[in-house]
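I have placed the structure first, in the form of structure tokens, so that the comments after it can refer back to it.
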Amino acid sequence: MSAYWPHSLAAPAGIIILLLALLFSGYLLARQRKSAVWGWPLVGLSVVIAHLLSLNEPAGFRMLALCGPLLYAMKIVVLLTSQRQHDYRLGLKQWLGFAVLWPGMNPLLFAETIPAAADRDLLRRGCFELILGLVFILLAHWLWPLTQSKILLTVLLLPGLSLTVHFGLFNLAAYFWQRQGVACQTLFRAPLLATSLTDFWGQRWNLAFSEMTRIAIYQPLNQGGSKAIAAWAAFAFSGVLHELAISFAVQAAYGLPLLYFLIHGLLMAIERQLYRQGRPIDKNPLVGRCWTILCLVIPVPLLFHLPFLSKVVWPIGQ
């Protein structure tokens, strides 16, 4: 785990100060009803500062140092954009809850209250998926000295990390907020059942990302342009964010995560064209599911490229 341990306290202290500054700035801008134009410079500034603070730190720590401020800055953008669209305001506790304690990107949920009745299935699934993910990670750590297989390490760690965080912790967070009267839902909805890429990216996988690109990119562009341009921009933006979190973190293999998302933008354009021709890819669910899995898996080395695996993922199990 040395890849995640900073060389000194200066870098984590600087990142914490940056995060606190972003929280204060976001609340202040939202109270003043500023437009999203005020939020976007904070996105760039947060990346630059986090980059400089973590420049000489290990790749794992650097990834976290870049992702944290970037996430907070994007929360500011979606809040300012959403406020203009729906005319509401978050109090300080609501803003901190949304920004710090919920991975989703729809601030409107925190402006409304529901009866405090949580879905206990979220609790059960969250606990099960968290434990299963930790088992995968521990199994990878146990098998590495015996096999020295980086393929096995990857096969165990990537699903293990996703189960632990995306499914386990995120579902437990949704359960917690439902208990507080906030209508948070699972952000990963049975992605293996997706019968098209449109279904996978739009309805099932990482809905926090879908919320963010819809609020901050797709809806503003779609108002003044075509849906196709807005869709391409959303995929390109997703690619850029993954560049920052993956390639920029390890300072290698630039462009590969962006290419992965541009390929998926093209594949979804093909799906839309087939739909318009009356030949939807999910007409046969089995065919649609096979298409989706192949499209996701075949180019995945572009997304999780070798420098990222070797410097960020594999050290967790070694």
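The values are calculated or read from the model by the stated rules, or taken from the named source; none is laboratory data. Bear in mind the structure is a predicted one, so any value in this text is a computation, not a measurement. Note: areas computed on protein heavy atoms with side chains; ligands, DNA, RNA excluded. Shrake-Rupley method; radii C 1.70, N 1.55, O 1.52, S 1.80 Å.
Average accessible surface for segment 166-318: 47 Å² per residue, computed with a 1.4 Å probe over protein heavy atoms with every protein chain in place. Sort out for me the Cα centre separation of segment 192-211 from segment 110-129, rounded to whole Å. If we compute the Cα centre of each part, the gap is 20 Å.
Surface composition of the chain: carbon plus sulfur atoms hold 71% of the accessible area, using a 1.4 angstrom probe and ignoring ligands, DNA and RNA. Result for the chain in a Gaussian network model with C-alpha springs under 10 Å: among ILE217, ILE16, ILE151, the largest mean-square fluctuation is at ILE151.
Taking the chain as the region of interest, the number of lysine pairs whose Cα atoms are within less than 30 Å, with members eight or more places apart or on different chains, is 8.
As a check on your grasp of the helix formula, calculate [θ] at 222 nm for the chain: sum -39500 (n - 2.57) over DSSP H runs of n ≥ 4, divide by the residue count, round to the nearest 500. Using -39500 (n - 2.57) per qualifying helix, the result is -20000 deg cm²/dmol. Annotation: Cα Rg of segment 52-159 relative to the compact-globule expectation 2.2 N^0.38 Å equals 1.49. Among rounded, prolate and oblate, which fits segment 15-59 when a ≥ b ≥ c are the square roots of the eigenvalues of its C-alpha gyration tensor, a/c under 1.5 means rounded, and a/b larger than b/c means prolate? It is oblate, given that a/c is not under 1.5 and a/b is not larger than b/c. For the chain, the relative contact order works out to 19 percent when only alpha carbon pairs closer than 8 Å and six or more residues apart are counted.
Please work out whether segment 207-318 counts as rounded, prolate or oblate from its C-alpha gyration tensor, where a ≥ b ≥ c are the square roots of the eigenvalues and a/c under 1.5 means rounded, while otherwise a/b larger than b/c means prolate and anything else oblate? Oblate, because a/c is 1.5 or more while a/b does not exceed b/c. Helices of the chain meeting both criteria, an alpha-carbon length of 24 angstrom or more along the long axis and an average Kyte-Doolittle score not below -0.5, with helices taken as full DSSP H segments, are 10-31, 59-86, 120-147, 256-276.
With contacts taken as Cα pairs under 8 Å at a separation of at least 6 residues, segment 179-318 carries a relative contact order of 26 percent.
In the elastic network of the chain, a GNM with C-alpha springs shorter than 10 Å, the most mobile of ALA269, ALA249, ALA236 is ALA269.
For segment 255-318, the alpha-carbon radius of gyration amounts to 1.45 times the rule-of-thumb value 2.2 N^0.38 Å expected for a compact globular protein.
Counting only protein chain heavy atoms and rolling a 1.4 Å probe, the accessible areas of TYR88, TYR254 rank, largest first, as TYR254, TYR88. Specify whether the C-alpha gyration tensor of segment 139-209 places it in the rounded, prolate or oblate class, a ≥ b ≥ c being the square roots of the eigenvalues: rounded for a/c under 1.5, otherwise prolate if a/b is larger than b/c and oblate if not. Oblate, because a/c is 1.5 or more while a/b does not exceed b/c. Take every Cα pair under 8 Å whose residues are at least 6 apart in sequence, average their separation, divide by the length of segment 6-158, and the relative contact order is 21 percent. Using the alpha carbons alone, the radius of gyration of the chain stands to its Kirkwood radius in an Rg to Rh ratio of 0.96. Rolling a 1.4 angstrom probe over the protein chains, ignoring ligands and nucleic acids, what is the accessible area of SER25 in square angstrom, nearest 10? So the heavy atoms of SER25 present about 30 Å² to solvent.
With the Kirkwood sum run over all distinct C-alpha pairs, segment 149-268 has a hydrodynamic radius of 16.1 Å. Once the 1.4 Å probe is applied to the protein heavy atoms, segment 31-72 comes out at 47 Å² accessible per residue.
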